[in-house]
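Heads up, the thing below is written out as structure tokens.
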Amino acid sequence: MHLDNLRNIILNERESARLSEISPDTYEAARKYLRELQEHVYEAKDPLSEETRTLIEEIHSLRETIRELFQIRSRKILALAGARMETPVDREETKKMIPPEREMYRIILSALEDCRCTTTEGRTGPVVTPATEEITEKEDTPLPENGQMVVRMLADVEAFLGVDGRIYTLKKEDVVTLPRINAEVLCDHNIALNIKPG
């Protein structure tokens, strides 16, 4: 990932408010090239030569460009997470996130939802946000309160698709609001405990 390639990616990011699609190995390739440049500097016979100075300048520019790319994309992901609290997620945007960005997005959503529940509902404890969001038409019409259950997980469970179209990955001791149908199945198998009977 040479500097010119990275700069082209940044130009695309600057020109649009939406995320650009980048290769999952963009950062890894940039770091690999950075290491190669550093090795050339270490191996240089004359550290004061014009060639060495050029390499050092390229290393500095590459580092700055990597940081700028991260900052631009992170700001967009933060905006998406904030908007997600009020509107359905844009599936096309989440598809453009590389795996570490998708994990960051999930963590931000989880923190926002946790804070929302604490401040507006007075509910405390970990609130689980799906690790991956699969959005369907059902997302536009939230389930009514009586269509949900708050449960405490008694064991880890592998990822599963809820009737609300979301994929849930749950761990023991998580406290989470689930669609009633899914929650009842977990409770029936002694995998979860309904903590708000009714």
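The values are calculated or read from the model by the stated rules, or taken from the named source; none is laboratory data. Bear in mind the structure is a predicted one, so any value in this text is a computation, not a measurement. Please note: Cβ atoms are built from the backbone with ideal geometry, for glycine as well, and neighbour counts cover all protein chains shown.
Things worth noting here:
- Per the conditions (1) farther than 14 Å from Leu19 by Cα; (2) modelled with pLDDT under 90; (3) not hydrophobic (A, V, I, L, M, F, W, C), the sole criterion not satisfied by Pro100 is (2).
- Among the residues listed as Ala29, Ala17, the single one being touching a residue at least 24 places away in the same chain (Cβ under 8 Å), part of a loop (DSSP other than H, G, I, E, B), touching a helix residue (DSSP H, G or I) at 6+ places or on another chain (Cβ under 9 Å) and not basic (Lys, Arg): Ala17
- Enumeration of residues in the stretch 1-32 that are of a type outside the set (A, V, I, L, M), under 20 Å from the mean Cα position of the chain (by Cα) and within 21 Å of Glu93 (Cα to Cα): Glu13, Ser16, Arg18, Ser20, Glu21, Ser23, Pro24, Asp25, Thr26, Tyr27
- Within the stretch 72-93, residues that are over 10 Å from Tyr105 (Cα atoms) and of a type in the set (A, V, I, L, M, F, W, C) sit with their Cβ atoms under 8 Å from residues that are modelled with pLDDT under 85 and surrounded by fewer than 14 Cβ atoms within 10 Å (Cβ to Cβ), at 6+ positions apart or across chains, in these pairs: Met85/Arg116.
- Ile108 within 23 Å of the chain's Cα centre (by Cα), at pLDDT 90 or above and not assigned by TED's automatic domain parsing to the domain that holds Val150: no
- Answer residue from the stretch 154-198, given it is at pLDDT below 85 and on the phi > 0 side of the Ramachandran plot and is nearest to the chain's Cα centre (by Cα) among those: Gly165
- Test: residue in the stretch 48-67 that is part of a helix (DSSP H, G or I), outside the structural domain of Val150 (by TED's automatic domain parsing) and touching a residue at least 60 places away in the same chain (Cβ under 8 Å): yes
- Within the option set Ser23, Ser110, Ser74, being of a type in the set (S, T, N, Q), out of contact with any Cys (no Cβ under 9 Å at 6 or more places or on another chain) and in a loop (DSSP other than H, G, I, E, B) holds for one residue only, Ser23.
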